[in-house]
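**Student:** I have a structure here, written as structure tokens, and I will follow up with some questions on it.
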Amino acid sequence: MMTITEKILARSAGLASVKPGDNIWVNADILLTHDVCGPGTIGIFKREFGADAKVFDPEKVVIIPDHYIYTADEKAHRNVDTLRKFVKEQQLPYYYDPGTESYCGVCHVALPELGHVRPGETIFGTDSHTCTHGALGAFSSGIGNTDAGFILGAGRLLVKVPETIRFILDGEMPGYLSAKDLILQIIGDIGVAGATYCAMEFSGSAIDSLSIDERCTICNMAVEAGAKNGIIAPDQKTFDYVKARTGKPFEALYSDAGATVRAEYRYNVAELEPVVAKPHLPDNLATVRACSGTKVDQVYIGSCTGGKLEDFHMAARVMRCRKVAVRTMIVPATRQVERALDEVTVEGESLRSIFENAGVEPIAPPSCAACLGGPLDTFGRTHGEEVVLSTTNRNFIGRMGSKKSQIYLASPFTAAATAVKGVITDVRDL
Amino acid sequence: MTKEHIIRGPVFVLEDNIDTDQIIPACYLNLVPTIPDEYRKLGSFALAGLPEGSAAFTANSDGSTPYPIIIAGENFGCGSSREHAPIALGAAGCKAVIAQSYARIFFRNSVATGEIYPLESEERLCEVFRTGEEVEVDMNNNTITRFSDKKVFGLKSVGAVAPVIAAGGMFAYARKIGMIKSRD
């Protein structure tokens, strides 16, 4: 009897079975890196395996620069050049170069979009939000440069099998609720260390009803509760999404009904309310109504957790035929999402047109942008005492740049309603 | 990994949930840790993200830290997978963190790089110690002793990662057990 996480790790380790606490060598199906951690990973690979070493399998290495792209910072440009040189030298087929047609944007939204995420596979990435990809039934976890440098050469990693915590979300999603509300509620309930070292497995009829974008929002924030991975069993929606993007075969795996888990939490989503995480931790939970009226200086809609097409679709439904009252920033996660802003409509009007008519800032090109502050000239970065309501995933002190600024995390519905009112607003009260 | 099993010096005390943005703010992630000059620079920015008004960690004139030991509460190193975090602490001259608990990736990166020892205290120490107090950390006997009153506090044993720590990091361990080739 094993959970989906245990089954995937056992398969990737070539073992018949594993149990939580086992330390096993796991083969990587995909190693993901980007411009912030890629150069250091390459440095370790060369130092440890030699200047002439070859990567373990070029088909399994995906490099997506996305963090510091639209900046004048010289080191940021040098770092992308380091990636380019390595890609050329190693002849890596999956590299998405800034300034060219292939540039795609934020790695965690692009990786599944480009068909690199397949159910049942094992993904490691040099970014804590690599846990996003568990939304497609994969084991996917964030690692540091040293472990990534090791995988680049050896193709495998020593991994401790995590215990699983199961979250069963049933009930019908109210129209004012989004996946972001669900995961903020869960993190608020269990705390920022509530799932440390564990797998967070999400299931139930409410999860089944969510789109792939929304499932990604949930798994993306598993790390905000300390989890090693977040995971949702694949279903027909998953298979349709994956098969539309890759012809590579895969083997879906599922939890056994009687598999042992560390704990089980049940939610009826019909009873939940729109929530925020107040400054300065993702578990600092409050209902939106409890914060209602709090003045904000800017609203930010973007990032790997809050800049997907469905996030903008939700925001546009609220902003249509309305004007924003504060500085509002729209940062599509990827080129695909950016293009879709022109193609997808609400009541016949494109999302782009809705946002422009509402008076948002000029829509920024896709990248991580202000989600993590970054170089001083980063779009949307805070520099003073700004109060920000954001669809991103972290509200630590200084996270978006300034240590004096305050960040509230919330859903795209709440972000749009707050943008329109200029104060924190529950979309039901707009 | 340093082979020092006894570390002496003043402690720098922090509380719960010290996240990686506080340990090394994202504006410094353009620095690449494997470039020696940038490794040193990362050290000079260690804990630059602490709230306004916090004591300076890298208080030495050369940008290093006078504090070889950090004492903290729960969930130290939460947030990002940026290996720049344990590296910045190590590059600044920190040898060990003694926290009540760790975020997973930070702990892993500390062990994998061998930059710092991520040790766990048996009890909550961040309210028992003050920044600047001189201590001795004894990793052979899993203790931390305060010089002023000779009071001894217990550390947990490092558990399953002990062989990796003993080897000096991920690569040294993998070579030792024959998972990757030894270097000549």
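The values are calculated or read from the model by the stated rules, or taken from the named source; none is laboratory data. As the structure is a prediction and not an experimental result, all values here were calculated from the model. FYI the Cβ positions are ideal-geometry reconstructions off the backbone, even for glycines, and counts take in every protein chain you see. These accessible areas exclude ligands, DNA and RNA; they are computed on the full protein's heavy atoms, side chains included. Shrake-Rupley method; radii C 1.70, N 1.55, O 1.52, S 1.80 Å.
**Student:** For the range A:158-192, name all the residues that are assigned to a loop (DSSP other than H, G, I, E, B) and not acidic (Asp, Glu).
**Tutor:** A:Val161, A:Pro162, A:Gly171, A:Met173, A:Pro174, A:Gly175, A:Tyr176, A:Leu177, A:Ser178, A:Gly191, A:Val192
**Student:** Looking at the range A:302-309, is at least one residue open to solvent by less than 10 Å² (accessible area, probe 1.4 Å), over 19 Å from the mean Cα position of the chain (by Cα) and modelled with pLDDT of 95 or more?
**Tutor:** no
**Student:** Looking only at the range A:104-128, count how many residues are in contact with a Phe, Trp or Tyr (Cβ under 8 Å, 6 or more places away or on another chain) and within 21 Å of A:Gly226 (Cα to Cα). Lay out the reasoning, then the answer.
**Tutor:** Let us first name the residues in the range A:104-128 that are in contact with a Phe, Trp or Tyr (Cβ under 8 Å, 6 or more places away or on another chain), namely A:104, A:110, A:112, A:114, A:116, A:118-123.
This time we only want the ones that are within 21 Å of A:Gly226 (Cα to Cα), so: A:122-123.
Within the range A:104-128, residues that are in contact with a Phe, Trp or Tyr (Cβ under 8 Å, 6 or more places away or on another chain) and within 21 Å of A:Gly226 (Cα to Cα) number 2.
**Student:** Also, quick follow-up: Can you tell me which residue is surrounded by the most Cβ atoms within 10 Å (Cβ to Cβ) among those in the range A:7-25 that are in contact (Cβ under 8 Å) with a residue 40 or more places away in the chain and more than 17 Å from A:Phe250 (Cα to Cα)?
**Tutor:** So, considering only residues that are in contact (Cβ under 8 Å) with a residue 40 or more places away in the chain and more than 17 Å from A:Phe250 (Cα to Cα), the one surrounded by the most Cβ atoms within 10 Å (Cβ to Cβ) is A:Val18.
**Student:** In this structure, does A:Gly153 turn out to be small (Gly, Ala, Ser), surrounded by 24 or more Cβ atoms within 10 Å (Cβ to Cβ), within 14 Å of chain B (Cβ to nearest Cβ) and more than 19 Å from the chain's Cα centre (by Cα)? Walk me through it before giving the result.
**Tutor:** On the way: small (Gly, Ala, Ser): yes; surrounded by 24 or more Cβ atoms within 10 Å (Cβ to Cβ): no; within 14 Å of chain B (Cβ to nearest Cβ): yes; more than 19 Å from the chain's Cα centre (by Cα): yes.
No; evaluated as a whole, the condition is false for this residue.
**Student:** In addition: Mind listing whichever residues of the range B:29-63 are in contact (Cβ under 8 Å) with a residue 40 or more places away in the chain and either buried (at least 21 other Cβ atoms within 10 Å of the Cβ) or in a loop (DSSP other than H, G, I, E, B) (or both)?
**Tutor:** B:Leu29, B:Leu31, B:Pro33, B:Leu42, B:Gly43, B:Phe45, B:Ala46, B:Leu47, B:Ala55, B:Phe57
**Student:** Kindly indicate which of A:Arg78, A:Arg84 is within 13 Å of chain B (Cβ to nearest Cβ), assigned to a helix (DSSP H, G or I), open to solvent by 10 Å² or more (accessible area, probe 1.4 Å) and not β-branched (Val, Ile, Thr). So that I can check it myself, show each step before the final result.
**Tutor:** Numbers: A:Arg84 fails: within 13 Å of chain B (Cβ to nearest Cβ).
Result of the check over A:Arg78, A:Arg84: A:Arg78.
**Student:** Something else about it: Find the residue count for the range A:12-27, including only residues that are away from chain B (no Cβ under 13 Å) and either in contact with a Gly (Cβ under 7 Å, 6 or more places away or on another chain) or on the phi > 0 side of the Ramachandran plot (or both).
**Tutor:** Counting residues in the range A:12-27 that are away from chain B (no Cβ under 13 Å) and either in contact with a Gly (Cβ under 7 Å, 6 or more places away or on another chain) or on the phi > 0 side of the Ramachandran plot (or both) gives 1.
**Student:** When both residues are 6+ apart or on different chains and their Cβ atoms are under 7 Å apart, which pairs have a first residue that lies in the range B:102-118 and is at the interface with another protein chain (Cβ under 9 Å from one of its Cβ atoms) and more than 24 Å from A:Gly194 (Cβ to Cβ), and a second that is open to solvent by 10 Å² or more (accessible area, probe 1.4 Å) and modelled with pLDDT under 95?
**Tutor:** B:Gly114/B:Met1; B:Gly114/B:Gly168
**Student:** Another question about this same structure. When the range B:37-64 is examined, which residues are found to be in contact with a helix residue (DSSP H, G or I) (Cβ under 6 Å, 6 or more places away or on another chain), at the interface with chain A (Cβ under 10 Å from one of its Cβ atoms) and of a type in the set (Gly, Ala, Ser)?
**Tutor:** Of everything in the range B:37-64, just one residue is in contact with a helix residue (DSSP H, G or I) (Cβ under 6 Å, 6 or more places away or on another chain), at the interface with chain A (Cβ under 10 Å from one of its Cβ atoms) and of a type in the set (Gly, Ala, Ser), namely B:Gly49.
**Student:** Can you tell me which residue is nearest to the other protein chains (Cβ to nearest Cβ) among those in the range A:376-398 that are open to solvent by 10 Å² or more (accessible area, probe 1.4 Å), touching a helix residue (DSSP H, G or I) at 6+ places or on another chain (Cβ under 9 Å) and of a type outside the set (A, V, I, L, M, F, W, C)?
**Tutor:** Step one: list which residues in the range A:376-398 are open to solvent by 10 Å² or more (accessible area, probe 1.4 Å), which gives A:376-379, A:381, A:383-387, A:397-398.
Among the residues that remain, those that are also touching a helix residue (DSSP H, G or I) at 6+ places or on another chain (Cβ under 9 Å) are: A:376, A:378-379, A:381, A:397-398.
After this cut, where a residue has to be of a type outside the set (A, V, I, L, M, F, W, C) as well, the list is A:378, A:381, A:398.
Details: A:Thr378: 9, A:Arg381: 9, A:Gly398: 5 Å.
Of everything passing the filter in the range A:376-398, A:Gly398 is nearest to the other protein chains (Cβ to nearest Cβ).
**Student:** So, of the residues in the range A:88-145 that are free of Cβ contacts under 8 Å to residues at least 12 places away in the same chain and either in contact with a Lys or Arg (Cβ under 6 Å, 6 or more places away or on another chain) or of a type in the set (Gly, Ala, Ser) (or both), which turns out to be least open to solvent (accessible area, probe 1.4 Å)? Let's see the steps before the verdict.
**Tutor:** Initial filter on the range A:88-145 (free of Cβ contacts under 8 Å to residues at least 12 places away in the same chain): A:88-89, A:99-102.
Cutting the leftovers down to either in contact with a Lys or Arg (Cβ under 6 Å, 6 or more places away or on another chain) or of a type in the set (Gly, Ala, Ser) (or both) gives us A:99, A:102.
Numbers: A:Gly99: 86, A:Ser102: 49 Å².
Among them, the one singled out is A:Ser102.
**Student:** Given the range A:227-299, what strands (runs of 3 or more DSSP E) lie entirely inside it while holding 1 or more residues that are open to solvent by 40 Å² or more (accessible area, probe 1.4 Å) and in contact with a helix residue (DSSP H, G or I) (Cβ under 6 Å, 6 or more places away or on another chain)?
**Tutor:** On the way: elements: A:229-232, A:263-268, A:275-277, A:285-287.
Correct list: A:285-287.
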